[in-house]
Structures are given as C-alpha cells and as structure tokens.
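Heads up: the structure comes next, in structure tokens.
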Amino acid sequence: MLIKNNYNTVFIIFILSHLIVWTVVPSLSNINLPLDTIEALAWGSNLSWGYSKHPPLSALMVEIVFNFFGNQDWAYYLLSQVFVIIAFIYVWKFANLIFQNKLYSLCAIFLLEGIYFYNFTSPEFNVNVCQLPFWALVVFYSWKSINHERISDFILLGIFMSLGFLTKYLFIYLILAIKIIFILNLIERKTLNIKMFIPGTIFIIFLIPHIIWLFQNNFITITYAFNRTGIGDADFTNHIYNPFLFLVKQIGILIPVIIMTLTIIKNKKLKLINLKKDKYFLLLINILPIILIFITSVISGAKIRTMWMTPFYLFLGILLIQIFKENLNGNNLKKFLVTFLIFFVLSPATYLFISYSNEFKRTDYPGKEISNLVQRRWDENFSNHISIVVGDEWYAGNLSYHLNSRPTWFNTIENDLSSVTSETGVIYTGNPKILKKFCPGIYGTIKPIGICMIGAK
C-alpha cells in the first residue's frame, strides 16, 4: 500500500523498476538487436541530415551511445528505456501541475503501464520511441508557455518541437494541435502575444539543414511516407476502411487502460470535465492529434500503422483521472494497484515467452556470429581494415554494428565509385546471383545473402 507523503519515492521506485526490467529482459532473451535499432545504427555510422525513411535524430542518438558503449546490445535497450523514463518524468511533472495531488498523479502514471507501447514494444529503439521525451516536453512547455508566458518556456518549446519533428514527421500532429490550442487561447484573451511566435521561428531555423537535405535528395523521406501509408494506391474504399480499422485498433490498444481505470472508480457514470483553461488544454492535447491523424486517413485513404501511435497516449492517464476525479474511490486503491502489478509483470513475462517460443524472429538473427565469420574471411585474404559495408540496413547494418572496425554503412555507392578502391576496404551484401556476376574481389554466400569483399592484399 502506498504510504502517505511518500509518493515521490514510489514514483522513483516505479521508473527505476521499469528501466531495469525492460533493459534486462530483452538483453537476456534476444540474440540480436531488433530491426529498427539496427537500422538506426546503420544510419548513425554515416551521419547525415536525413535518411531514406526518416529525419536524422534517432540515428544521432544511437551513434552517441555507440561511441561510448560500442556493440553492447544492452546499451541500446537501456537507451530506449531512458527515453521512456524521461517521458514519464515530464508526464509526472505535468500531472502534478494539473492535480496538485500526487496520489492522482501516481495513478495517472501507473495507467500508462496498461499501454503496451510503453513496455512491450519499448525495447526496440526506433523513431517511435525516440519521439516520446520530446512529445512529453512539448506538451509540458506548451502548458507553461500559455500559463506563465516566460520567454524561456517559449524558447524551450520551440527547441523540443524541432527535435521531435527531426525524429519523425508524424510529430507534426502534436505541433498542429499545439498551434490550435494557442489560437484558441488568443481568441479567448483577445490580445496578441508576440512571444507565441518564438517557438515557430525556432522550429523553422532548426529545420533549415534538413530542408536543404530534402531538396538535395529529391524529398526521398516524403516519398517513403506516401508509399508507407499507401496513399498513392488508395481507392474509394480505403477512405472508409482504413479510418475504421484505425479506430478499431485504438479501442483495442486502450482496453487494458480502461480495465485499470474501472478498478479505481466508485461510480461508473461519466461526469463532464470542467473546462477551465488547464482542463480544456488537457482534453485537447489528448484528442486533437488523434482527430487530426484520423481526418488525414479519411481524406487521403492512408493506412495508419498501429506503432505510429506510440507517443499519442502519453497523457491519457492524466485525462482519465481528471474525468473520473470526483468518482475515485480510495477503498479501491488496493484493487487498482494489484491490477497495475499484474500488467507490470505480465508484459515482460509475455515478452520472454514470445522471445523463447518464436523461432522466426529478427532478434534471433546470428548477426554477431556472421560478422565474426566475415571478419575471419577478411583477415585471411586482406591486410587492411573494413571501412565500408554496402547493402540494406538489416544485413549490411548488422555487419556495420558488429565488425570491430565499425565500417560506414551505405545503401549504395553507385554514384561515388571513383572514391572506392581496394585500399578502401569494402564489403557488398545483396542478392548472391547478382553479386556473383560482377564481384571483382572475394565472393561468398552466407544464406540467404551474398558477400563480396574488396580489399588490399
């Protein structure tokens, strides 16, 4: 049972427990890092202002970690949880501002364990996880900007908006929601606050390098986003089916949270939220991004993938507690905590079960073993180091991550062959039938991928 006036301690114990569990469990159960993490590491070996799929920030994050810890898998699981925990900390701070009651804040945080984005899928560091702290920070400093109007808050808001967008373009839905809230606030006040232009100005300035990169690379990330959502192939039925499917999936995601909420309320009747300034902010910050992405799906016929919604529910726990605040039953607190602990234990247990029972997972790929074989083959034939690996992010990216020389990854170097010689030290990965035809170096196959080595004798 929670002890009065010890809520801060309980919160600290919770986030540390979460961090330890979700760092240790995948570290022990996975042979290889997940696909998206390897992908980010491949990009990180060749830092740029953008990549074929996403903006650059996730790649920068993993590369910073690599420079400290190298190819230690646990470090990247830890990185994921650090991002989750930072988000939780700012959700906690925001909840304390809203409620002025740490029991309510703690219940709101505990509800997040009912959303599998923040536990079960969180070990895979990717652009979705990378968004989490910036999403929380943008919401936090948006509220502070509206309520306190300090220049420092507006500046920080602009910085975190920029960093969030440079993680994933989908962050634009939160930014649009914030802009709508700011406009509503201006209408309510009937006065123009020049400080509200600060975040947008900073946002544009921070994006300039990436925008230049987009022009230089034919807007390749935009093309990928359109292809990923299936907009180009959308017919009339997609405008109905995909939004409907989106709503169904969201309901499914929220079932555990609903169960947890029902355990702590004494009266199941819904009372309307008191729409004071901080309360309508809370309502809009939760529903506007979802409404906007739903409208996008309706208009464009886009398929919204479930994992894209990872940051959207960070403040749902606060909203639910606020809605049912008058109906919270202290006598049911024990039942609520038991339900929370069930989900807290069930998620890693399920992760372990799937990890050990499923034989066809990416995380079972023998990336380190294959890299050791490649390294031995290289050392037998060449005297220089491996400087470049070429191929897709998975096969070539695994080599880049595991090989001792940390070679730079390229998807292709067809446009820059003049700089590539045997002295460079290059490994090509790809279709073995194709590689075998033009490989000028040492050729071999590690099923199902061909390996072509070009080095100095």
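Every number in this text was worked out from the coordinates using simple rules, so none of it is lab data. Just so you know, these numbers come straight off a predicted model, no measurement behind them. Cβ sites come from the backbone with ideal geometry, for glycine too, and all protein chains shown count toward neighbours.
Points worth noting:
- Among SER405, SER162, the ranking by other beta carbons within 10 Å of each residue's beta carbon, starting with the fewest, stands as SER405, SER162.
- Nearest-0.05 FRET efficiency for ILE194 and PHE353, computed from C-beta distance (R0 45 Å): 0.20
- Least to most buried among GLU393, GLU113 (fewest other Cβ within 10 Å first): GLU393, GLU113
- Around the Cα centre of the chain, unit charges on the Cβ atoms of Lys, Arg, Asp and Glu (plus for the first two, minus for the last two) sum to a dipole of about 1640 debye.
- FRET efficiency for HIS239 and LYS179, using Cβ-Cβ distance with R0 set to 22 Å, rounded to 0.05: 0.30
- Ordering SER422, SER400 from the fewest to the most neighbouring beta carbons within 10 Å gives SER422, SER400.
- Given charges at Cβ of Lys, Arg, Asp, Glu: the chain dipole, positive-most of ASN46, LEU247, PHE236: LEU247
- Classified by the C-alpha gyration tensor, the stretch 366-454 has a rounded form. Its axis ratio a/c, with a ≥ b ≥ c, is below 1.5.
- The chymotrypsin sites (Phe, Trp or Tyr not before Pro) found in the stretch 324-401 that occupy coil by DSSP, while having at most 12 further C-beta atoms within 10 Å, are PHE360.
- P(r) of the chain over all Cα-Cα pairs, binned every 20 Å from zero, in whole percent: 22, 52, 23, 3
- Modelled spin labels at THR201 and ILE295, positioned 7 Å past Cα toward Cβ, are 2.8 nm from each other.
- Among the GluC sites (Glu not before Pro) in the stretch 327-388, those placed in a DSSP loop whose Cβ has at most 14 other Cβ atoms within 10 Å are GLU359.
- Relative to the Cα centre, the charge distribution of the stretch 310-430, modelled as +1 at Lys and Arg Cβ and -1 at Asp and Glu Cβ, gives a dipole magnitude of about 820 debye.
- Greater than 28 Å apart at Cα, pairs in LYS361/LYS457; LYS334/LYS361; LYS303/LYS325; LYS361/LYS433; LYS144/LYS190; LYS102/LYS334: LYS361/LYS457; LYS334/LYS361; LYS303/LYS325
- Within the chain, the whole DSSP H helices whose Cα atoms reach 20 Å or more along their own axis and whose mean Kyte-Doolittle score is at least 1.6 are 7-29, 151-165, 172-189, 197-216, 277-300.
- Given R0 = 60 Å, the distance between the Cβ atoms of THR263 and SER405 translates into a calculated FRET efficiency of 0.65.
- Extension gain, LYS93 back to ASN227 (0.36 nm per residue minus Cα-Cα distance, nm): 44.4 nm
- Dipole magnitude of the stretch 86-173, debye to nearest 20 (Cβ charges: Lys/Arg +1, Asp/Glu -1, about Cα centre): 140 debye
- Separation between Cα centres of the stretch 292-321 and the stretch 369-407, rounded to whole Å: 40 Å
- Added length on full extension, which subtracts the Cα-Cα distance from 0.36 nm per residue, PHE360 to SER27: 118.1 nm
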